[in-house]
Structure formats: C-alpha cells, structure tokens
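So the structure is just underneath, and the comments pick up after that.
The values are calculated or read from the model by the stated rules, or taken from the named source; none is laboratory data. Nothing here was measured: the structure is a model prediction, and the numbers come from that model. When we count neighbours, we look across all protein chains shown, and the Cβ atoms used for this are built from the backbone with ideal geometry, even at glycine. Surface accessibility is based on the protein's heavy atoms, side chains included, excluding ligands, DNA and RNA. Shrake-Rupley method; radii C 1.70, N 1.55, O 1.52, S 1.80 Å.
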Amino acid sequence: MSDAAVKTKQDAAGANPAAEQDLTDGFHLVIDALKLNGLNTIYGVPGIPITDFGRMAQAEGIRVLSFRHEQNAGYAAAIAGYLTKKPGVCLTVSAPGFLNGLTALAHATTNCFPMILISGSSEREIVDLQQGDYEEMDQLAIAKPLCKAAFRVLHAADIGIAVARAIRAAVSGRPGGVYLDLPAKLFGQVINADAGAKSLVKVIDAAPAQIPAPDSIKRALDVLKSAKRPLIILGKGAAYAQADEAIKNFVEKSGVPFLPMSMAKGLLPDTHPQCAGAARSTVLKDSDVVMLIGARLNWLLSQGKGKSWGEAPKKFIQIDIEPKEMDSNVEIVAPVVGDIGSCVDALLAGIDGKWPAPPAEWTNAVKAKRDDNIAKMAPRLMNNNVPMDYHGALGVLRTIIKERPDAILVNEGANTLDLARGIIDMYQPRKRLDVGTWGIMGIGMGQAIAAAIETGKPVLCVEGDSAFGFSGMEVETICRYNLAICIVIFNNDGIYRGTDVNKVSDDPAPTVFVKGARYDKMMEAFGGVGVNVTSPDELKRAVNAAMDSGKPTLINAVIDPAAGSESGRIGNLNPQSVLKKK
Ligand code: ADP
Ligand code: TZD
Ligand code: MG
C-alpha cells in the first residue's frame, strides 16, 4: 500500500465526513483478523500504545485477561496454545513490556507450544535512527532468534496477511512462538472498510496433516516387532497432538510398556497396566528398542546415552513432526516424520490383527519392578507427620487428584516438582502442566489462569515457595477474574531447603527466605480464601473445601525445612568446586 493511501482517521473524515462509517483502522483490523481466525482470548498488560486496543478488543467480544506482569501473561498464552492447538495470544507494550513477554515467547518455542506475542512498538523512523523515542527498541531484531518467525506490519492493509502468517507459523510443523511487531502508528491508520474486510485472511487448514512415508512406518514396525524388551516413551508432543484414542489403541494393541514424560502423564492413566512410570530406571536401562512418540532425546532423557540407559545396545524409533530432530543425539534406526495423529493411525493400521505380544518375561519384569516400587512408596505417602514432609503432603494431593481426575494440576518447584511428578498419578490427557523443557520457575500462575480460562476445569496448583514467588502477584488476577484455582504452597522456608546458614555475616544464606512466612495472607489481601495448614489431614480438608467451593484459595502448607534435597532430583547437574568448602 502506498504512503498516500495511508491517512489518519481525522484526515480521512475531514476530507469526506460522510465516508467515516465506511472506514476501518489498524485497531479494528487486528481485532477482526484475530476473531476471524477464532483467536478469542488475549493475555496481556495494557499501556502505550495498546491500551485502547485492549478496550476495543473487549468491546468486540474478545476475552481480554489483564495481568500484573507480561511474563505471566506470556506463560498463560503459551500454555493456552498447548491446551488448544491454537496459538495463545499475548499482548504487550513496547520495549520493557515486550522484553517481559519475550521469556515466555522463547519458552513457547523451546517447548513447541504455539503462541503469538503481539507487541506495540515505537516509531520506526526514530528507532532506526536511534533518536531516543519513548520506549525505543528494535524489537523485531531482538525477538528473531528467540522464536520461529517474526513479522512487522507497517500498513493497515497488511494486517490480515500478517496475522494469517503468524498463525500458520505458530501451529504448522513443529509448533512454536511467533512475534508480531505492531508500531504505534499502525493502530490509527485508516483504510476503506471494504478494502479492509477483503484484506483479512481466514487461514485454511493452519496445521495440515503431515502423512508419514509408508516405508518409514513399515521400518518402524519391523524394528519394534524384533524387540525382546520394547519400550514406548510418550512426550508432551504426543499429548499436544490430541490423538488420544489412536495413541491408546496403539499402545494397547502393541502390548508394549510405556513411559510418560512429565506432561504426557495421563495421556494413558498412570495406573494403566502397561504404565512403566514407577519402573523408570529399569525400563530405560534394560529396554532394547525404544519408540519415542513426541519426545526429544534432550537432557530430560540424558540425551539417549550414558549410565541411565545401561550397557545393552539400543535401537531408537522416533516419531516427530520435525525431521531435524532425528539423529540429534544418537542414531535413530527408524525415523518416522509426520504429525503424531497420522503416524499413529498408520502404525495402528500396520499392527491390526497380527501383532505378537512382547515377551512375557519382559512385561512381567517391568510389572514386578513397578509394583514393588509402588508398594515401597505407599506407607510413606500415608504418614501424618508434623511438621509435614513432602511425601505426607503429596500422599493427600495424590488422593485428591484420583477423586477429581478432571482437575488440572499445575506444578513447579524443585523437590515440590520432582516428588509431585512421581507421586501424583494422572488419569486424563493434558491435565498436568509444569516447568517444561527448561525447568523454568514462574510458570505457575500464568498456567493456572490459562488452564482455568481455556478449559473451565478446576485447577490445583502445587508450588514450591520459591517457585510461587516468581509469579505470586497474579493472585490478584485470580481473585479479580474469580477463577476456580486452589494454590498449595509447599512452604519449606526456601529454595530446596530452609536450613542453610551463612557463617560469615548477618545476611541470610542465598537459598533461604523469611522463616514462617504466611503466603495465605497474600490471597486474603485480595478477597480470596487463605488457609494455613501444618498436617496432611488439615491439608486434605482445606484442598477439598477449595475444590468444592471453586473460590480462589491459597493454602500455605508448612513443610519441614529440612525435608528437601539440593536441586530436588537433579542435584547431579550442579558443578562441583574442587577447592575446600568454607
Ligand atoms: P517431552 O519434554 O515431554 O519429552 P519434548 O518437548 O522434548 O517432549 O518433545 C516434543 C516433541 O513433539 C518435539 O520434538 C515436537 O517436534 C514434537 N511434536 C509436537 N507436536 C507434534 C505433532 N503434532 N506431531 C508430531 N510431533 C509433534
Ligand atoms: N530461575 C528460573 C527462571 N528458573 C529456575 N529453574 C531457577 C531460577 C533455579 N531454580 C530451580 O531450578 S528450582 C528453584 C530455583 C530458584 C526453586 C526451588 O525452590 P522451591 O521448591 O521452593 O520452589 P523446593 O520444594 O523448596 O525444592
Ligand atoms: Mg521451597
């Protein structure tokens, strides 16, 4: 569009006042483009230049969730993308707001969640000459390395195409984060309403099926069939794909034990007879053929090699939409590239009727190990110790999720995360949301809010006291929108433990917080329900009351400050100093 065609609303109306009703502008075109594509929720923080945009979007029927910090709005958008397979939209102001949202955009990209970060930006001419505009920053350049795609729109007539490209980039192939840069001037740009309407694009088949090559399916099944000790690993890509029935059928027809990664828990119930979750180290070590479905061989699986994978040679089959993922760490003898729904359908067709069950020696060994581990853990989960330890508290929450399997569990922390992941069984797909690929702290409130908004299901949020601190101010947001979220803080006075002592000065040790803090009072400050509990029995009563009432609730669960271990289950990743400790 030529510059001459771009006018402000006043110019256009001044030239021909009668034509005003036939005009549209950047504000409305962005709103119309989002709505046309079914993007009906925006998570963000208002301010120049997008304050009016938020108001108008709300007036046009978009749900606008206004947060206290962009990072939390961004985490909400990212997990909304994961839950719905539509890009979650986060809206921020320029430079500082944009940067606050950027962590979440990078997190979405890292985790393969579709998300669009829309940020207002300052005047291009001034930014590019570095003349010191209000919140000056070359946002497009900064966003680029942290997302799948980044676009800037300079002309109102291009908004439709830009939104369409952003949606397609976010959800097609391997999903990820997309940045959309909207300079302040764009919002007020006026164009003819008919031309505006015609410029919008309704994206057709945004994430087209990617059908796997028949040869690759045959190869994968041949390798799986040859296994003596096969294992299927389900990752969050499998949960994201929403091919729940096909995956269940494939796992059950194959008879192969399966291991869910953290956010894939519940895709099949953790109590399923083939679930090897409680025999994790055994199946990783002893399996001879491993089929990865929507899971990467990254640090969470020790890159597919090393001690945890044992001595015996392994063959890997991998199902993923991203061809470049194959052979990223070890040789993949049977790569299957395609979307998981299509791949699993093809695998199912290949095993129908004539599939030999895996050797009973293997499946029985896995089952025995699992049952043994579960039996060993059981008494610890039933303790009613005061002060509470993690096992006593988590035993209670485990029962609550069993009784309320459609609740969404959000979980972050170190010990609070690692132990909850192992102890709390999940029963339904996409009900466990957590720190993801980066092990990032701060996702809690954003994920809880988006889970409540996108699914309408009750949310139980199990948070380390440190983890909660990263997004804690959003309890006000939870109260403001009156969301059915119950937050349980495992308050052990610090990061990993609350017992560290600084021996050289009066300053507290770097890992400890104010002792005996009452996080429940934070919720009360905004009209929610706050409860302080010191025993598993009290915890059980408080959580059940919260889940029954649906009222925003924060339970401060006092945990023995000495109960946790350094870095939870991943203390081995800490570098060690060879010098003598003070
Ligand atoms: P986890 O952390 O649970 O092990 P990862 O995030 O490492 O899972 O892996 C998820 C994988 O799933 C990514 O490699 C991604 O490309 C893939 N993926 C995501 N969506 C799909 C889909 N619809 N079809 C196929 N693969 C997918
Ligand atoms: N900052 C960010 C964004 N992510 C991180 N993962 C960390 C810092 C480092 N970190 C962890 O990996 S876990 C954790 C931090 C600060 C907090 C652990 O303490 P907690 O849990 O109170 O949440 P427990 O139960 O005390 O172990
Ligand atoms: Mg803690």
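Could you check W362 against (1) farther than 30 Å from T84 by Cα; (2) open to solvent by 30 Å² or more (accessible area, probe 1.4 Å); (3) assigned by TED's automatic domain parsing to the domain that holds T282 and say which number it fails?
(2)
From the list L554, L483, pick out the single residue that is under 21 Å from I443 (Cβ atoms), assigned to a strand (DSSP E or B) and of a type in the set (A, V, I, L, M).
Working: L483 fails: assigned to a strand (DSSP E or B).
That would be L554, the only listed residue that is under 21 Å from I443 (Cβ atoms), assigned to a strand (DSSP E or B) and of a type in the set (A, V, I, L, M).
Note down all Cβ pairs under 8 Å where the first residue falls in the range 404-426 and is within 17 Å of C275 (Cα to Cα) and among the aliphatic types (A, V, I, L, M), the second is in a loop (DSSP other than H, G, I, E, B) and within 16 Å of ligand 1 (Cβ to nearest atom), and they're at least six residues apart or on different chains.
M426/K265; M426/G266; M426/D270
Exactly one of these conditions fails for C275: (1) touching a Gly at 6+ places or on another chain (Cβ under 9 Å); (2) away from ligand 2 (no atom under 16 Å from the Cβ); (3) open to solvent by less than 30 Å² (accessible area, probe 1.4 Å). Give me its number.
(1)
Among E463, E454, E412, which is more than 16 Å from ligand 1 (Cβ to nearest atom) and open to solvent by less than 10 Å² (accessible area, probe 1.4 Å)?
E463
Here are G304, G350, G310: which of them is touching a residue at least 12 places away in the same chain (Cβ under 8 Å), closer than 22 Å to A238 by Cβ and touching a helix residue (DSSP H, G or I) at 6+ places or on another chain (Cβ under 9 Å)? Lay out the reasoning, then the answer.
On the way: G304 fails: touching a helix residue (DSSP H, G or I) at 6+ places or on another chain (Cβ under 9 Å); G310 fails: closer than 22 Å to A238 by Cβ.
The match here is G350.
For the range 126-140, state whether one or more residues are assigned to a loop (DSSP other than H, G, I, E, B) and under 22 Å from the mean Cα position of the chain (by Cα).
As a first pass, look at the range 126-140 and keep what is assigned to a loop (DSSP other than H, G, I, E, B): 129-138.
Add one more test, that the residue is under 22 Å from the mean Cα position of the chain (by Cα), and what stays is none.
No.
Could we say that Q318 is open to solvent by 30 Å² or more (accessible area, probe 1.4 Å), polar (S, T, N, Q) and either under 27 Å from D215 (Cα atoms) or under 21 Å from the mean Cα position of the chain (by Cα) (or both) here?
no
Test R380 against the stated conditions and say whether it is open to solvent by 60 Å² or more (accessible area, probe 1.4 Å), within 21 Å of A546 (Cβ to Cβ) and assigned to a helix (DSSP H, G or I).
Numbers: open to solvent by 60 Å² or more (accessible area, probe 1.4 Å): yes; within 21 Å of A546 (Cβ to Cβ): no; assigned to a helix (DSSP H, G or I): yes.
It is false that R380 is open to solvent by 60 Å² or more (accessible area, probe 1.4 Å), within 21 Å of A546 (Cβ to Cβ) and assigned to a helix (DSSP H, G or I).
Which numbered condition in (1) closer than 30 Å to Q428 by Cβ; (2) touching a Leu at 6+ places or on another chain (Cβ under 7 Å); (3) of a type in the set (V, I, T) is the only one that T282 fails?
With respect to (1) closer than 30 Å to Q428 by Cβ; (2) touching a Leu at 6+ places or on another chain (Cβ under 7 Å); (3) of a type in the set (V, I, T), T282 is out only on (2).
For (1) away from ligand 2 (no atom under 16 Å from the Cβ); (2) exposed (fewer than 14 other Cβ atoms within 10 Å of the Cβ); (3) over 24 Å from the mean Cα position of the chain (by Cα), each residue gets a yes or a no:
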{"position": "G306", "(1), (2), (3)": "yes, yes, yes"}
{"position": "A334", "(1), (2), (3)": "yes, no, yes"}
{"position": "A346", "(1), (2), (3)": "yes, no, yes"}
{"position": "G353", "(1), (2), (3)": "yes, yes, yes"}
{"position": "I401", "(1), (2), (3)": "yes, no, no"}
{"position": "D406", "(1), (2), (3)": "yes, yes, no"}
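Take the residues in the range 83-142 that are of a type in the set (D, E, K, R) and on the phi > 0 side of the Ramachandran plot; name whichever of them is most open to solvent (accessible area, probe 1.4 Å). Steps first, please.
From the range 83-142, those of a type in the set (D, E, K, R) are 85-86, 123-125, 128, 133, 135-136, 138; that's our starting set.
This time we only want the ones that are on the phi > 0 side of the Ramachandran plot, so: 85, 135.
Numbers: K85: 80, E135: 47 Å².
So, considering only residues that are of a type in the set (D, E, K, R) and on the phi > 0 side of the Ramachandran plot, the one most open to solvent (accessible area, probe 1.4 Å) is K85.
When you scan the range 421-438, how many residues do you find that are assigned to a helix (DSSP H, G or I), out of contact with any Ser or Thr (no Cβ under 8 Å at 6 or more places or on another chain) and within 16 Å of ligand 1 (Cβ to nearest atom)? Break it down into steps so the answer makes sense when it comes.
From the range 421-438, those assigned to a helix (DSSP H, G or I) are 421-423, 436-438; that's our starting set.
Filter once more, so that each one left must be out of contact with any Ser or Thr (no Cβ under 8 Å at 6 or more places or on another chain): 422-423.
If we keep only those that are within 16 Å of ligand 1 (Cβ to nearest atom) as well, we get 422.
The total comes to 1.
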